[in-house]
Amino acid sequence: MAISHQPDSLLQAPPSKAPRWLIGAGIVLTALFIVGPLLIIFDQALAKGLAVFRANLLHAETLHAVWLTVVTALVVVPLNILFGVAAAWAITKFEFPGKKLLLTTIDIPFSVSPIVAGVCYLLLYGSNGLFGPWLEAMDVRVMFTVPAIMLVTLFVTSPFVARELIPLMQVQGRDQEEVAATLGASGWQIFRRVTLPNIKWALLYGAVLCNARAMGEFGAVSVVSGNIRGQTNTLPLQVQLLYHDYNATGAFAAATILTLLAFVTLILKAWLERHTRGQGGH
Amino acid sequence: MSISATLDQTQPPRPAVKSRARRRVLPGFGLTMGATLFYLALIVLLPVAALILKTADGGFLRFWQVISSPRAIAAFEVTIGAALIATAFNAIYGLLMAWVLARYRFPGRRILDALIDLPFALPTAVAGIALTALYAGNGWFGHILEPAGVKVVYTIVGVAVAMAFTSVPFVVRTVQPVIEELKAETEEAAATLGASDWQIFTRVIYPAIFPAHLAGCAMSFARSMGEFGAVIFIAGNLPFQTEIAPLLIFIRLEEYDYPAASAIAVVLLAVAFTLLLTTNAIQAWRLKRVVKD
């Protein structure tokens with residue numbers, strides 16, 4: 001996503017009276033609309049004191065949910081990095097018919113409701129699904145297992161890396177790679193020595209966003225996970241489970257872990273944006 | 001921003017013959033293209049095809065019965081209505097934030113800029129319980145709003161608040177770079193000719209950012225239509241009142257009524273596709289205008 005990169009010298013001098021109330025309105029609205037929800041998470045999590053908060057965080061089911069969330073991200077993010085790099089290479093280094101259609105297809109998961117994504121997977125791998133009878137004959141169960149969570153998370157997060165890399169690699173062109181190829185470098189050498197150094201920050205940027213969504217996905221995962229306590233509950237599902245158990249303090253305690261993830265994501269994002277600007281992205 | 005629209009902007013025109021010659025220079029087309037198509041087919045297209053095929057299995061009559069049932073229609077109305085309210089709010093708040101962040105330098109600007117991305121970084125379920133706690137009758141905002149007669153939690157307003165929260169970065173991040181690219185000369189010329197600040201904004205600035213604003217709002221609306229995690233906690237989920245379409249899908253799944261769930265899902269999928277193509281068209285139009293200028 002684009003971010004400001006205009007040199008400060010081109011910007012207007014300190015605002016006159018008109019902008020001052022605009023800035024004020026912006027700050028107040030953001031404080032109410034965005035900072036408010038952020039602060040109340042910690043307020044609610046600590047409502048019964050630090051000892052309860054600690055006990056909630058160290059609850060066995062919550063710890064298992066953290067573990068499953070991390071494992072899911074560890075499987076999903078590398079696969080979507082590979083997909084993103086392959087798609088970006090094919091799309092930006094070559095000309096072929098149907099390129100626009102391919103780009104739109106890559107965008108599909110971002111426009112589909114997470115619940116719809118879940119239903120799609122249920123109707124593919126579920127017992128009533130397209131592959132259902134075939135999977136049953138082979139005695140393989142996909143739905144309501146950890147692999148189902150991973151598959152649907154792959155769907156939901158697949159565009160992140162690709163859509164960071166494609167515009168950047170398009171701007172960078174192919175000249176450097178073509179020189180390397182003319183000099184006799186192999187495909188892998190060209191990618192590792194020429195392309196990768198040029199795209200590494202954007203790649204990381206996409207991976208950070210992909211990771212945040214993979215760890216935080218709720219709707220799609222809730223359809224395919226079956227919500228089996230201590231087995232197929234990811235951290236966002238655990239938050240919902242505790243909340244519906246009338247354990248709001250516990251739900252908010254689990255939510256602080258995900259909020260911390262959001263903070264780390266935002267910090268990494270801001271840091272990476274400074275680097276990607278240097279590479280001609282954003 | 002959609003990638004295909006971005007590509008139009010950056011892709012230099014290449015003569016056909018030259019590009020064919022270039023294809024031979026770089027290796028890896030077969031491998032990367034094959035991997036991309038295989039992955040897309042397996043992860044994206046096959047599941048989407050399964051939804052469409054399974055719904056078609058049930059026949060059109062069954063499909064129509066489900067989506068024209070009073071409860072489904074009410075759910076669509078709630079979803080569209082709340083998404084419209086959310087988008088209207090984001091259109092104004094998002095434009096304000098894009099303007100403030102792009103145009104002015106002030107203490108805390110960096111933090112404000114980073115905070116705008118919070119809704120994308122914060123898992124939706126967390127946003128959902130946080131907004132519910134905030135606007136509930138005993139919450140920080142609720143205990144002020146409810147005595148004043150504004151009930152947010154368990155109303156369509158609450159649904160709209162959750163939708164607006166999760167989708168506001170779309171508007172800000174689509175409009176902000178366009179404001180940064182605006183040339184100061186036209187505004188200065190208008191000011192020299194005696195235009196007021198408001199006239200400069202409505203006649204000079206807004207027409208230039210309108211296409212981006214429209215695209216951002218379309219994305220915000222699309223996201224709101226599909227939002228689930230943030231909404232279900234604050235909505236109260238009363239059928240015919242605050243039940244959104246994605247939740248009705250979920251309820252039908254829990255009742256093992258898969259044909260009903262898939263029929264409603266197909267409608268949401270069709271809406272999503274339409275909005276995706278609309279957004280792409282707006283972006284393409286916007287970039288064509290930029291090039292013409």
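The values are calculated or read from the model by the stated rules, or taken from the named source; none is laboratory data. Keep in mind it's a predicted model, so treat the numbers as computed, not measured. Here Cβ is always computed from backbone atoms with ideal geometry, including for glycine, and neighbour counts include all displayed protein chains. Protein only, heavy atoms only, side chains kept; ligands, DNA and RNA dropped before computing areas. Shrake-Rupley method; radii C 1.70, N 1.55, O 1.52, S 1.80 Å.
For region A:136-168, how many residues are closer than 23 Å to A:Y205 by Cβ and among the aromatic types (F, W, Y)?
2
Does A:Y205 satisfy being open to solvent by 50 Å² or more (accessible area, probe 1.4 Å) and among the hydroxyl-bearing types (S, T, Y)?
no
Sort out which residues of region A:214-237 are open to solvent by 30 Å² or more (accessible area, probe 1.4 Å) and within 8 Å of chain B (Cβ to nearest Cβ), and write them in order of number.
A:M215
Which members of region A:49-105 meet the condition of being open to solvent by less than 20 Å² (accessible area, probe 1.4 Å), among the small types (G, A, S) and more than 9 Å from every other protein chain (Cβ to nearest Cβ)?
Hits for region A:49-105 are A:A65, A:A73, A:G84.
Please note which helices (runs of 4 or more DSSP H) are completely contained in region A:11-129 and include at least 1 residues that are under 24 Å from the mean Cα position of the chain (by Cα) and over 30 Å from B:E255 (Cβ atoms).
A:17-30, A:36-45, A:50-57, A:60-93, A:99-111
When you look at A:L209, is it closer than 19 Å to A:I257 by Cα, over 14 Å from the mean Cα position of the chain (by Cα), in contact (Cβ under 8 Å) with a residue 60 or more places away in the chain and not in a loop (DSSP other than H, G, I, E, B), yes or no?
Taking the combined requirement at face value, the residue does not satisfy it.
Could you check, for region B:143-155, whether at least one of its residues is more than 8 Å from every other protein chain (Cβ to nearest Cβ) and buried (at least 24 other Cβ atoms within 10 Å of the Cβ)?
Narrowing region B:143-155 to residues more than 8 Å from every other protein chain (Cβ to nearest Cβ): B:143-155.
Then drop every residue that is not buried (at least 24 other Cβ atoms within 10 Å of the Cβ), which leaves B:152-153.
Among the residues of region B:143-155, at least one is more than 8 Å from every other protein chain (Cβ to nearest Cβ) and buried (at least 24 other Cβ atoms within 10 Å of the Cβ), which makes the answer yes.
Looking only at region B:235-255, decide whether some residue is more than 11 Å from every other protein chain (Cβ to nearest Cβ), among the small types (G, A, S) and surrounded by 22 or more Cβ atoms within 10 Å (Cβ to Cβ).
yes
Can you tell me how many residues in region B:102-136 are over 21 Å from A:Y205 (Cα atoms), modelled with pLDDT of 95 or more, at the interface with chain A (Cβ under 7 Å from one of its Cβ atoms) and open to solvent by 10 Å² or more (accessible area, probe 1.4 Å)?
Of the residues in region B:102-136, 1 are over 21 Å from A:Y205 (Cα atoms), modelled with pLDDT of 95 or more, at the interface with chain A (Cβ under 7 Å from one of its Cβ atoms) and open to solvent by 10 Å² or more (accessible area, probe 1.4 Å).
I'd like to verify a number: residues in region A:130-149 that are more than 10 Å from every other protein chain (Cβ to nearest Cβ) and either under 30 Å from A:K93 (Cβ atoms) or in a loop (DSSP other than H, G, I, E, B) (or both), how many?
8
Looking at (1) more than 7 Å from chain A (Cβ to nearest Cβ); (2) surrounded by 23 or more Cβ atoms within 10 Å (Cβ to Cβ); (3) within 21 Å of A:L241 (Cα to Cα), which is the one condition that is false for B:A98?
So B:A98 meets the others, but not (3).
If I ask for residues that are buried (at least 21 other Cβ atoms within 10 Å of the Cβ) and more than 10 Å from chain B (Cβ to nearest Cβ), which ones from region A:238-251 would you list?
A:G250
Which one of these is assigned to a helix (DSSP H, G or I), at negative phi, open to solvent by less than 50 Å² (accessible area, probe 1.4 Å) and modelled with pLDDT of 55 or more: B:L53, B:L45, B:L7, B:L40? Spell out how you get there, then give the answer.
Working: B:L53 fails: open to solvent by less than 50 Å² (accessible area, probe 1.4 Å); B:L45 fails: open to solvent by less than 50 Å² (accessible area, probe 1.4 Å); B:L7 fails: modelled with pLDDT of 55 or more.
After applying the criteria, what remains is B:L40.
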